[in-house]
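Let me begin by presenting the structure, written as C-alpha cells, before commenting on it.
The values are calculated or read from the model by the stated rules, or taken from the named source; none is laboratory data. The structure displayed is predicted, hence computed values, not measured ones. Cβ: placed from backbone, ideal geometry, glycine included. Neighbour counts: every protein chain shown. Calculation scope for accessible area: heavy atoms of the full protein, side chains included, ligands and nucleic acids excluded. Shrake-Rupley method; radii C 1.70, N 1.55, O 1.52, S 1.80 Å.
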Amino acid sequence: MRILFATVPEKTIFLPMVPLAWALRTAGHEVRVASQPAFADVITQAGLTAVPVGRDVDTVRLFQWYGMTSDQFEEVRIGLPAPYDVAEDPDRYTWETMLQACRDMAEGDRAESFPMVAGMADFARQWKPDLIVWSSFCYAAPIAAKACGAAHARMLFGADVFGVARERFLEFKGDEDPVADWMGAYGRKYGFEFTQDMVTGDFTVDLLPDSLSVRADLDYLPIRHVPYGGAATVPKWLQVPQERPRVALSFGLTATGMFAGYTADVRGILDSLADLDIEVVATIADSAREKLGTVPDNARLVSYVPLHALMPTCSAVVNHGGVGTVLNSALYAVPQLTMGYHFDEPIIARGLAAQGCALQVGPDVTVRDGVLRLLDEPAFAGRAADLRDEIHAMPSPNDLVPRLEELTAKHR
C-alpha cells in the first residue's frame, strides 16, 4: 500500500506517529509524511520521507494574527479550551454555548489547516495513497483523503477530547454545524460533500491504555507506546549504576518550545529536594537552565536525555502529565508525581492518581512530600507495575499493521 502520514508541525504530536510509520515501512508499504516545509528536517531525522506541503505558519503566529497578546496566549495553556473541556463535564454546555464554542474552534482549525489544504490535496491526488494517517488538528488530511478516495485514520497524541466534543455537539441536534460548513466548503471544491468521518476519521489509533483513555462512541485501535524522541545518545553517566535512588524531573517540550516557559518552579523543586539522599536528574531546556543559577549538589541538569534510557534507572519521576513523558515512565513502571496544567494533562494526571501509581501536586501534596511517599510506599511501585503490564499487553505497531491493511481495504 501507499500510506501518507500527515501532521501539524509540532514535535510532541508527530513523534508518537514514528514507530507506526516504521512498522508499516518495514512491512513493505510505501510511506510518506506530509507537513509544512520547515518541519521536513524533523521528519527526515526520523528516517522517514518528508513531503513539504503548503507554507509555514506556526501556532504562535496564528494566535498573533488573531490579535492575541502574550498574556492571553499564556492563558491558552490552562487546561482544556472550549469545547474540548466538555470531556471533563458533559453537562457544562447549553446548545447556545456549545455552538459558539464550536464556531470559535472551527475558525481556529480552519486557520491552522488553511496553509496545507491545497498542497496536501494536490499531492494526495497525484500520489494516490491507499491510507492517510493524520494527527489531531491536521484537518487538511481528511480533506485530502476525500479528494483522492483514500481511507483515513486519526492518530491521537493523548486523550480523545476531540471525539468527545464532537459527540456531545451532535447530541444537541442543532441546525448549524460550523465544522461541517468550513470542511464542506473545501469538499465542494474537490467534488465531495461533508461527512462525519472528516472530523473523527474512518477509525482512530489510540496510544492510551484503557485505564487512562477518554473516548467517544467510535472505532478505536489501541497501539502500544514505543519510545521515540528524536536523535538520542546515551550519556556516559547513564551507562553506570547510580549510587543513590534516582528521581527524574521532566516537563516536556511544549512549555519552552511554544510557550514562555515552565509553569513549575524548577528552582524551588530542586531546593526542596536538596537535602534528600537521592540523585535528581532534570531535563531542562537551555533557555530555562540559564535562569536557575547554581543548583544543589544532588541535582544533575541536562538539556536532553532519552527518556527510554533514563526511566529504567529511576525510582520516581516528577512530570507535567504530558502523554509522552507519562507513557515513557509507565512503560518502565516508574511511580509518578504529576503537575498537570496544559490541555489534557490534568485529565491524564487524575487518571494516573486514580490507578494508584501516581500522586498529584496540590494543596495537600508538595513535591517534596510526594517524592518521599513515592520512594517509601511500595504500593505506588506495585500499581505502576500493573500499568506497565497493561501497556505491554496492547498491540505493538507491528501487530497493528495487518489490521490497518484490513481496514484500509474495507473503507476504500
Which of 331, 221, 208 ends up with the largest GNM mean-square fluctuation for the chain, with Cα atoms connected below 10 Å?
221
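Please list 15-21, 354-360, 302-308 highest first by mean number of surrounding beta-carbon atoms within 10 Å per residue.
Those peptides, ordered most packed to least, come out 15-21, 354-360, 302-308.
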SASA check, residue 386, accessible area w/ 1.4 Å probe, all protein chains in place, rounded to nearest 10 Å², comes out at 70
If you rank 5, 114 by how much accessible surface each has, with a 1.4 Å probe, what is the order from largest down?
114, 5
May I ask you to list, by number, the DSSP H helices of the chain whose Cα span along the axis is at least 27 Å and whose average Kyte-Doolittle hydropathy reaches -1.0 or more?
95-127
Distance histogram for the range 332-412 (every C-alpha pair counted, 5 angstrom bins, percent rounded to whole numbers):
3, 14, 18, 18, 13, 10, 8, 7, 5, 3, 1
Put +1 on the Cβ of each Lys and Arg and -1 on the Cβ of each Asp and Glu in the chain; which of 213, 148, 381 then has its Cα farthest toward the positive end of the dipole?
148
Gain in length, residue 369 to residue 41, computed as 0.36 nm per residue apart minus the alpha-carbon separation, to one decimal in nm?
113.9 nm
In a Gaussian network model of the chain with springs linking alpha carbons closer than 10 Å, the residue among 325, 97, 49 that fluctuates most is 97
Can you give the extra length, in nm with one decimal, that the chain gains between residue 190 and residue 122 once fully stretched, where that is 0.36 nm per residue apart less the Cα-Cα distance?
23.5 nm
If the only charges are +1 at each Lys and Arg Cβ and -1 at each Asp and Glu Cβ, what is the size of the charge dipole of the range 172-211 around the Cα centre, to the nearest 20 debye?
220
Taking the dipole about the Cα centre of the chain, with the C-beta of Lys and Arg at +1 and of Asp and Glu at -1, give me whichever of 28, 340, 247 is farthest to the positive side.
28
Exposure rank, largest accessible area first [157, 39; 1.4 Å]:
157, 39
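Sum up the charges of everything whose Cβ sits under 9 Å from the Cβ of residue 147, counting Lys and Arg as +1 and Asp and Glu as -1, but leave residue 147 out.
+2
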Within the set 150, 333, 180, GNM on the chain using Cα springs under 10 Å gives the largest fluctuation to 180
Considering only 95, 116, 136, whose Cα is most displaced toward the positive end of the charge dipole of the chain, charges sitting on Cβ of Lys, Arg (+1) and Asp, Glu (-1)?
116
Within 15 Å, Cβ to Cβ, of residue 181, how many net charges do the neighbouring residues add up to if Lys/Arg are +1 and Asp/Glu are -1?
-2
Measure of compaction for the range 253-412 (Cα Rg per 2.2 N^0.38 Å):
1.16
Mind ranking 167, 10 by accessible surface for me, highest first, 1.4 Å probe?
167, 10
For residue 129, the net charge from surrounding residues (Cβ-Cβ under 11 Å; K, R +1; D, E -1) works out to +3
Using the crude model of +1 on Lys and Arg Cβ and -1 on Asp and Glu Cβ, and no other charge, please compute the dipole size for the chain relative to its Cα centre, in debye to 20.
1340
